[in-house]
């Protein structure tokens, strides 16, 4: 692993177990997280966006996610994880959703983030990330604690599926389970 990336990760490990997203963002700015040497972790798939795990411990996870044009995540939350997304290349479109008293979700806000910008993931964040632009999208994602469980939502009913991380594959493939 490159020394700059190793130093960045060592610094993340020295942060509190449950840092606030603003603290993560300040750390990433201070350590120039936009310029980290992640090229060897950039890998796209024609079958959907691709998670490429750089590092995962019991405390945090650092993952590069790559999207070709037209690729997107399911509508999801991040379970008990908070984090930041650093746009390394391309433009990320994020659609936020709000949970209604009925248990249904509805779109609430759409934002675009460009290379060098940061998006925050709070405990209450429900969103869909997509690449609706012509160039590939590469993001560097930092999660505290590691992303082990996500709830997957839909716009048709209140059914929620569970995505469970599978760290035995370095690409970070997950498994869906109906609940």
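Please treat every number below as a calculation from the coordinates, not as lab data. All values derive from a computational prediction rather than experimental measurement. Note that we place each Cβ from the backbone using ideal geometry, even for glycine, and neighbour counts take in every protein chain shown.
At-a-glance table
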{"quantity": "The chain - mean residue ellipticity at 222 nm from DSSP helices (-39,500 (n - 2.57) per run, n ≥ 4, rounded to 500)", "calculated": "-3500 deg cm²/dmol"}
{"quantity": "Label-to-label distance, nm, for residues given as residue 157 and residue 20 (7 Å Cα→Cβ offset)", "calculated": "4.1"}
{"quantity": "Cβ crowding within 10 Å averaged over residues, with 113-119, 155-161 ranked highest first", "calculated": "113-119, 155-161"}
{"quantity": "Least to most buried among 112, 51, 128 (fewest other Cβ within 10 Å first)", "calculated": "112, 128, 51"}
{"quantity": "Highest-first arrangement of 103-111, 68-76, where packing means the average Cβ count within 10 Å", "calculated": "68-76, 103-111"}
{"quantity": "Cα-based Rg / Dmax (Å) for the chain", "calculated": "15.5, 50"}
